[in-house]
Amino acid sequence: MRAALWLLALFGVAVAVALFAGNNQGTVTLFWPPYRVDLSLNAVLLILFSAFAIVYGALRGTAALLRLPRRARRWRLQQKERAMHASLLDAMSQLLAGRFLRARKAAETSIAQENDLSQSLPIPHGKQLRTLAHIVAAESSHALQDRTTRETHLQQALDAIPPNASTSEQELREGAQLRAARWSLDERDANAALDRMSTLSAGAARRTLALRAKLKASRMAHLTGEALDTARLLGKHRAFSPAAAESIVRSLAIELINDAHDPTQLQSAWMSLDPSERAMPELSIHAAQRLSQLDGDPAQVRHWLLPVWERMVDPNQSLSQHQAFKLIEVLEANLSGIDATWLARIESAQQADPRDARLQYLSAVACLHRELWGKAQQLFTQAAPKLADKKLRGSAWRFLAELAEHRNDEEAAAQAWKQAAIAVL
C-alpha cells in the first residue's frame, strides 16, 4: 500500500513538472556590463537546485570530516568499555568454575581498564562495576587463602561506594559487607563476623541472608540469647520449615537453660522464653530437671511441670513415651514437701487410669513422702511387675525392699532386693 502511494505521488510530481516546464516561456536576463546573458527560467531553476545540492553536500562532507577524530575517539572508548565488561564477565565465569587465580587476574584487569577509561570518559555505572570487580577479586583471594589481598580488595570495594550513595550503589556495598561476614564465618571468627554485620543498615540486617549469618555467628560465639532471638525472627520470616524452626528454637532454649549456674539465672532464662516455648514439653521437663540439679525449690519444679502433667493426663493430648518417663523421673525426685493439691492430682490421675504402671509408681512415691506406708506398698506391688522402664522397675522393687525391712520382714525384703537386682540387669 505504501509503495502504491509513493508511485502515485511520483506521478503527480512528474505531471506538475511537465506542466510547469513544458509551456514555461519565461527567461532570465543577467546584465554584467558590457555583457548580457539570457537564460530560460527552467535552466535557472535547475542551476539553482544543483548549486544548492552541491553546497549542501559539501557542507555535510566537511562536517563529517571534522567529526572523524571525535568518532574515532568514541570508537576507541567503546572498545575499551567492551573489553572492561568482557574482563569482568570472564572473572565471574572463572570464579563460578573454581579457577580462582584466573578469576582474580581477570577482575584486576577489569579494574585497571576501568581506571584507565574513567580518566578519559566518566562511566555512569563505574562505581558499581569497580566494586563488583573488587568483590570478585576478594572472593577469589579468600578461596586461595590469601587474606592480605582479600582485605585489600574488600577495603577498596567499600571505599569505592560511600555510605551516602544511591540505593543501587548502597545495596552493592551491603552485599560486600555480607560477603565479608561470610568469610569471617568460614574462618571461624565469630566476633569479626558480628562486627561486620553491625555496620549494616537496619533494613539490610533484617534480611534473611543476614539473619542466617548472624544466627551462625551467634551460636559460634556462644551468644545463646542473641542466637535465640535471631532464630525466632528467621522462623517468622519462614526461612525454615515450621518443624526445623521449632527444632532450632528448642535446641537454643535448652542451651540457654544449660548456661544457667544458679536458680536465679535459670529463672531469668526461663522467663525470657516466649509462652509458646515454655509450653513445649521438652523444654519444661528439661528446665525443671536443671532446676532440680541446681538445688532449686521442689515446689517451683512442680510448678514448671504442671502444664506437662496436665497434658499427659488429658485424654485429648498425649506425650511420647520418653517424655512421660522423664516427667515421672523429675517429679519423683521433687516430691519432698508435696502438698495436698499435688497429691490429689496424682491420685486422681492414677484412679482415672488404674492400669498405668507409671502413675501407680508415682502415686506410691507420693504416698511415701506423705508417710502412707501401707498404700505405698500396695501401689508399688501393683506397679513393679508392669513397669517397662528398667530404672523405674528397679526403684519400685528397691522401695518394696526398704518397706519390708521397715516391717522386719526379712524374707520379703530379700525377695524384693533380688528382683531389684534382676531389673537393672
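The values are calculated or read from the model by the stated rules, or taken from the named source; none is laboratory data. Bear in mind the structure is a predicted one, so any value in this text is a computation, not a measurement. As a convention, Cβ positions derive from the backbone with ideal geometry for all residues, glycine included, and neighbour counts pool all protein chains shown. Calculation scope for accessible area: heavy atoms of the full protein, side chains included, ligands and nucleic acids excluded. Shrake-Rupley method; radii C 1.70, N 1.55, O 1.52, S 1.80 Å.
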**Asked** GLU410 to THR149: extension gain in nm, 0.36 nm per residue of separation minus the Cα-Cα distance?
**Response** 85.7 nm
**Asked** What residues have an amide H closer than 5 Å to that of LEU39, excluding those fewer than 5 places away on the same chain, when H is modeled at 1.01 Å from N in the peptide plane?
**Response** VAL28, THR29, LEU30
**Net dipole in debye of region 195-299 [+1 Lys, Arg Cβ; -1 Asp, Glu Cβ; about Cα centre; nearest 20]** = 800 debye
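Report the FRET efficiency, 1/(1 + (r/R0)^6), for THR167 and ALA86, where r is their Cβ-Cβ distance and R0 is 25 Å, rounded to 0.05.
Numbers: r = 28 Å, r/R0 = 1.10.
The calculated FRET efficiency here is 0.35.
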**Message:** Per residue of region 73-85, what does 6.51 cos²θ - 1.76 cosθ + 1.60 with θ = phi - 60° give for ³J(HN,Hα)? Whole Hz please, x for Gly and Pro, Karplus curve as stated.
**Reply:** 5, 5, 5, 5, 5, 4, 5, 5, 5, 5, 5, 5, 5
**Prompt:** Relative to the present Cα-Cα distance, how much length would full extension add between GLN293 and ALA3 at 0.36 nm per residue of separation?
**Reply:** 94.5 nm
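Under unit Cβ charges (Lys, Arg +1; Asp, Glu -1), what dipole magnitude, rounded to 20 debye, does region 95-176 have relative to its Cα centre? It would help to have the intermediate numbers written out before the result.
Working: 9 positive and 10 negative charges, 60 e Å.
For region 95-176, the charge dipole is close to 280 debye.
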**Request:** Kindly write out, for region 179-194 in residue order, the coupling ³J(HN,Hα) from the Karplus curve 6.51 cos²θ - 1.76 cosθ + 1.60 (θ = phi - 60°), rounded to whole Hz, with x marking Gly and Pro.
**Result:** 5, 4, 5, 5, 5, 5, 5, 4, 8, 6, 9, 5, 5, 5, 5, 5
**Complete:** Unit-weight point scatterers at every alpha-carbon of the chain, Debye formula, q = 0.09, 0.10, 0.14 1/Å: log10 I(q)/I(0) is -0.81, -0.88, -1.21
**Request:** At 1.4 Å probe size, with no ligands or nucleic acids counted, give the accessible surface of LYS375 in Å², nearest ten.
**Result:** 80 Å²
**Asked** What ranking, highest mean first, results for peptides 401-410, 279-288, 204-213 when packing means the other Cβ atoms within 10 Å averaged over each residue?
**Response** 279-288, 204-213, 401-410
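Kirkwood hydrodynamic radius, region 152-215, all distinct C-alpha pairs: what's the number in Å?
11.9 Å is the Kirkwood radius here.
Would you work out what percent of the accessible area of the chain, with all protein chains in place, is carbon or sulfur (probe 1.4 Å)?
Working: 14330 of 24990 Å².
Whole-percent figure for carbon plus sulfur exposure: 57.
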**Request:** Please give the length that would be gained between TRP373 and ALA53 if that part of the chain were fully extended, namely 0.36 nm times their separation in residues minus their C-alpha to C-alpha distance (nm, one decimal).
**Result:** 102.3 nm
**Item:** Centroid-to-centroid separation of region 49-66 and region 194-272 [C-alpha atoms, Å]
**Value:** 77 Å
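For region 68-183, what class follows from the C-alpha gyration tensor (a ≥ b ≥ c being the square roots of its eigenvalues): rounded when a/c is under 1.5, otherwise prolate if a/b is larger than b/c, else oblate? Don't jump to the answer; show the numbers that get you there.
On the way: a/c = 2.56, a/b = 1.47, b/c = 1.74.
Judged from the Cα gyration tensor, region 68-183 comes out oblate (a/c at least 1.5, b/c at or above a/b).
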**Asked** What is the Cα convex hull volume of region 225-350 when expressed per residue in Å³?
**Response** 107 Å³
**Asked** Residue farthest toward the positive end of the dipole of the chain, with Cβ of Lys/Arg at +1 and Asp/Glu at -1: which of ALA107, HIS303, PRO122?
**Response** PRO122
**Prompt:** Label point 7 Å out from THR199 along Cα-to-Cβ: which residues of region 126-163 have amide N under 13 Å?
**Reply:** 151-163
**Asked** When the Kirkwood hydrodynamic radius is evaluated over all pairs of different C-alpha atoms of region 286-365, what value in angstrom, to one decimal, is obtained?
**Response** 12.7 Å
**Request:** Would you mind computing, in nm to one decimal, how far apart the modelled labels at THR381 and ARG73 are, each placed 7 Å from Cα along Cα→Cβ?
**Result:** 11.3 nm
**Complete:** For region 223-230, in residue order, the Karplus 3J(HN,Hα) values (coefficients 6.51, -1.76, 1.60; θ = phi - 60°; whole Hz; Gly and Pro = x) are 8, 5, x, 5, 5, 5, 4, 5
**Prompt:** Rounded to the nearest 500, what is the chain's calculated 222 nm mean residue ellipticity when only DSSP H runs of at least 4 contribute -39500 (n - 2.57) each, over all residues?
**Reply:** -25500 deg cm²/dmol
**Asked** Accessible area per residue of the chain at 1.4 Å probe, in Å²?
**Response** 59 Å²
**Prompt:** Roughly how many Å is it from the Cα centre of region 67-100 to that of region 329-387, as a whole number?
**Reply:** 83 Å
